[in-house]
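The next block holds one structure in the form of structure tokens; read it before the comments.
The values are calculated or read from the model by the stated rules, or taken from the named source; none is laboratory data. Just so we're clear, the structure is a prediction, and the values are computed from it rather than from any experiment. In this analysis, Cβ positions are derived from the backbone assuming ideal geometry, glycine residues included, and neighbour counts consider all displayed protein chains.
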Amino acid sequence: MPSSVRAGRRLRASRLDLFKRASCALLESHRYSAQQVFQRLVEEGFAGSLTTVMTTCARSGRRATRHSLSFAPGECAQLDWGEYGSIAVGSTRRRLSFFVMVLCHSRLMYVEFSPWRRPWSISWPATNMPSPPSMAVPRA
């Protein structure tokens with residue numbers, strides 16, 4: 001069976017067929033979105049629709065762009081507060097809060113639980129970390 005005939009019907013040529021080489025070159029050279037590829041092809045004389053280009057880009061198997069970030073030791077940390085259940089404090093119950101700090105370079109995680117969600121209610125993480133102190137000290 002010829003490749004142009006499937007399930008009893010003939011496949012028609014796409015308007016994008018004339019521009020496939022240009023669109024593939026754009027996708028390989030840069031991480032363009034379908035909208036950006038469409039704009040470039042229109043500049044070259046493409047008369048098709050954005051949907052046609054979007055379908056072709058989706059079929060090309062491109063993955064979403066991921067930017068890789070890198071940090072020097074001690075340069076960056078991510079901090080956050082969270083809550084997990086409750087605990088008895090005297091005759092009342094309080095939410096159990098926790099402080100989390102993750103060093104971006106080593107992905108070392110520090111967690112401290114506290115019944116209060118205040119910065120002064122936690123110990124300084126650098127004094128409690130089981131790693132070398134140089135990892136938790138910001139660079140000068």
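Suppose the filter is modelled with pLDDT of 80 or more, surrounded by 11 or more Cβ atoms within 10 Å (Cβ to Cβ), of a type in the set (S, T, N, Q) and not in a loop (DSSP other than H, G, I, E, B); does Ser86 pass it?
Answer is yes for this residue.
When each of Ala22, Ala13, Ala64 is tested for being in a helix (DSSP H, G or I) and modelled with pLDDT under 75, the lone residue that passes is Ala22. Checking each residue in segment 98-136 for being among the polar types (S, T, N, Q) and either closer than 23 Å to Gly85 by Cβ or at pLDDT below 55 (or both) picks out Ser114, Ser121, Ser123, Asn128, Ser131, Ser134.
Those residues that are within 15 Å of Thr51 (Cα to Cα) and in a helix (DSSP H, G or I), I need them from segment 25-35; list them, please. Of everything in segment 25-35, those that are within 15 Å of Thr51 (Cα to Cα) and in a helix (DSSP H, G or I) turn out to be Ala34, Gln35.
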